[in-house]
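First up is the structure itself, then whatever we jot down about it.
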Amino acid sequence: MNVDAQATISGPSEVYVKKGSTISLTCSVNVHSTPPSSVLWYHGHSVVDFDSPRGGISLETEKTEAGTTSKLLVTKALLSDSGNYTCMPSNASPASAVVHVLNGNHSL
């Protein structure tokens with residue numbers, strides 16, 4: 001019986017970070033046989049651009065026997081970094097999380 005491979009993003013499905021802090025999303029792919037040849041991250045409908053002039057965006061990918069882990073780091077979060085982030089492995093169902101960047105200056 002072949003179970004469809006599924007990506008999962010650890011932690012809550014909605015992430016709240018303060019402006020200027022670091023967004024950290026970890027995506028795990030439970031593929032034991034063939035690791036995905038690539039794991040793409042999307043912000044909304046656009047692929048996350050690690051070479052963008054914005055800078056401060058990095059990706060760490062670790063492949064082990066248990067599967068593949070892909071960690072997206074976005075430093076110095078901007079309000080424009082809010083939105084839906086999707087981890088899309090080449091051979092598994094995608095997973096997504098919603099990031100809310102909060103302007104730390106407002107009082108409750």
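Here, each number is a calculation from the coordinates, and none is a lab measurement. Not measured: the values here are computed from a predicted model. Note that we place each Cβ from the backbone using ideal geometry, even for glycine, and neighbour counts take in every protein chain shown.
Summary table
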item	result
Set T8, T26: member being outside any loop (DSSP other than H, G, I, E, B), surrounded by 13 or more Cβ atoms within 10 Å (Cβ to Cβ), free of Cβ contacts under 8 Å to residues at least 60 places away in the same chain and β-branched (V, I, T)	T26
Looking only at the range 40-69, and only at residues there that are over 10 Å from the mean Cα position of the chain (by Cα) and among the β-branched types (V, I, T), the one that is surrounded by the fewest Cβ atoms within 10 Å (Cβ to Cβ)	T64
Filter result for the condition that a residue is over 30 Å from D4 (Cα atoms) and touching a Ser or Thr at 6+ places or on another chain (Cβ under 7 Å), over T26, T86, T22	T22
Any hit, the range 56-71, residues being touching a Cys at 6+ places or on another chain (Cβ under 9 Å) and of a type in the set (D, E, K, R)	yes
Scope the range 63-94; condition closer than 16 Å to P35 by Cβ, assigned to a strand (DSSP E or B) and of a type in the set (G, A, S); matching residues	G67, S70, S93
